[in-house]
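**Q** First, the structure itself, so that you have it in front of you.
Coordinate-derived values only; no laboratory data. Being a predicted model, the structure only gives us computed values, none of them experimental. Here Cβ is always computed from backbone atoms with ideal geometry, including for glycine, and neighbour counts include all displayed protein chains.
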């Protein structure tokens with residue numbers, strides 16, 4: 001007796017400004033797919049411009065699940081994403097369609113595909129101790145400390161990524177073991193789907209950087225400043241919330257608070273977005289088994305469409 005074939009699902013992952021959303025919508029025009037967003041910023045309501053969220057007309061034509069889920073005052077975890085994504089995939093499959101998950105939050109993709117390890121819960125006292133050490137020594141020094149305790153985790157974190165560095169150090173101290181080891185021991189099973197994993201990477205990183213610069217300028221012209229001002233009026237926000245730590249919002253917040261002017265804000269925002277893309281590329285290159293396509297290729301849509309057609313007809 002042969003086991004029945006697994007239902008298909010398509011993943012499109014890549015760095016910011018690599019054209020993921022446009023590709024996903026092109027595939028939706030060609031195949032019976034429903035879209036699921038894999039984006040830790042687009043889960044927040046009213047955060048539209050700075051997250052490059054598809055506009056209302058686009059979402060009406062190409063509905064995305066897992067967008068606009070929570071208030072910017074709230075937090076959304078990889079564990080919740082996994083549960084929400086699996087539920088959405090089940091509904092889509094039951095309706096006779098194909099889940100297409102698209103986005104750049106690599107932690108969410110890993111949680112979906114590899115499960116989640118049993119990590120110790122947050123400890124407020126220990127976090128305060130780590131923050132105090134970082135205030136005295138700087139986050140790059142904390143990154144160097146993590147590199148001695150957990151080289152694998154430190155290698156994928158930026159030396160100023162305070163939120164993730166804090167969590168990795170917290171786990172090391174609470175468990176006495178590196179976070180990378182605990183993640184490797186995850187016992188949850190890979191979802192019961194036959195996945196086609198598409199990875200978008202640029203053949204020329206400089207061209208991606210140009211795209212990032214243009215897109216950030218588009219956000220500024222589109223009203224990012226006004227959007228953040230509205231968010232600060234509407235919600236009870238502070239700069240350490242996950243929503244306000246998103247690239248673009250963090251730099252605009254600091255500019256609105258007078259820490260620096262708009263030209264400096266623009267430079268900082270573009271630099272931070274490039275650093276985000278670099279981390280996404282590292283994750284994609286080192287942590288996933290994907291079929292890589294050049295996101296700058298003029299024939300990208302045709303290439304991925306042909307591969308998807310072959311996958312779905314197999």
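**Q** Can you compute the helix-only [θ] at 222 nm over the chain? Use -39500 (n - 2.57) per DSSP H run of at least 4 residues, normalise by all residues, nearest 500 deg cm²/dmol.
**A** Rounded to the nearest 500, the figure is -17000 deg cm²/dmol.
**Q** Same structure again: Find the Rg to Rh ratio for the range 124-184, where Rh is the Kirkwood radius over alpha-carbon pairs and Rg uses the same atoms.
**A** 0.93
**Q** Which residue fluctuates most in the GNM of the chain (Cα springs below 10 Å): 161, 68, 46?
**A** Maximum fluctuation in the GNM of the chain, among the listed residues, is at 161.
**Q** Give me 305, 236, 175 ranked fewest to most by other Cβ atoms within 10 Å of their Cβ, as a rough exposure proxy.
**A** Sorted ascending by nearby Cβ count, the order is 236, 175, 305.
**Q** Measuring from label point to label point, each 7 Å out along Cα→Cβ, what is the residue 147 to residue 29 span in nm?
**A** 4.7 nm
**Q** Pop a pseudo-label 7 angstrom from the Cα along the beta-carbon direction at both residue 232 and residue 307 and give the gap in nm to one decimal.
**A** Here the modelled spin labels are 4.3 nm apart.
**Q** Only Cα pairs within less than 10 Å get springs; with that Gaussian network setup on the chain, which residue of 53, 234, 97 has the largest fluctuation?
**A** Highest fluctuation of the listed residues: 234.
**Q** Taking 22 Å as R0, compute the FRET efficiency from the Cβ-Cβ separation of residue 61 and residue 299 and round it to 0.05.
**A** 0.40
**Q** Ok, one more. Calculated from the structure, percent of Cα pairs over 34 Å apart equals which of (1) 17; (2) 24; (3) 29?
**A** Here the calculated entry is (2).
**Q** Still on this structure: Relative contact order of the range 124-184, please, whole-number percent, based on alpha carbon pairs below 8 angstrom and at least 6 residues apart.
**A** Contact order relative to length: 32 percent.
**Q** With springs connecting C-alpha atoms under 10 Å apart, model the chain as a Gaussian network and identify which of 49, 36, 171 has the largest mean-square fluctuation.
**A** Among 49, 36, 171, the largest GNM mean-square fluctuation belongs to 171.
**Q** Let me have the relative contact order for the chain, percent, based on Cα pairs under 8 Å that are six or more residues apart.
**A** This gives 27 percent for the chain.
**Q** With a ≥ b ≥ c taken as the square roots of the eigenvalues of the C-alpha gyration tensor of the range 83-241, please select rounded if a/c is under 1.5 and otherwise prolate if a/b is larger than b/c or oblate if it is not?
**A** oblate
**Q** So if I take the centroid of the Cα atoms in the range 298-314 and the same for the range 203-226, what is the distance between those two points in Å?
**A** One Cα centre to the other: 28 Å.
**Q** Compute and list, largest first, the equivalent-ellipsoid semi-axes of the range 1-142 from the alpha carbon gyration tensor, each √(5λ) rounded to a whole angstrom.
**A** Output for the range 1-142: semi-axes of 33, 21, 14 Å.
**Q** Among 299, 93, which comes first, second and so on when ranked by fewest other beta-carbon atoms within 10 Å?
**A** 299, 93
**Q** Between residue 215 and residue 256, take the C-beta separation as r, use R0 = 25 Å, and let me know the FRET efficiency to the nearest 0.05.
**A** Calculated transfer efficiency: 0.75.
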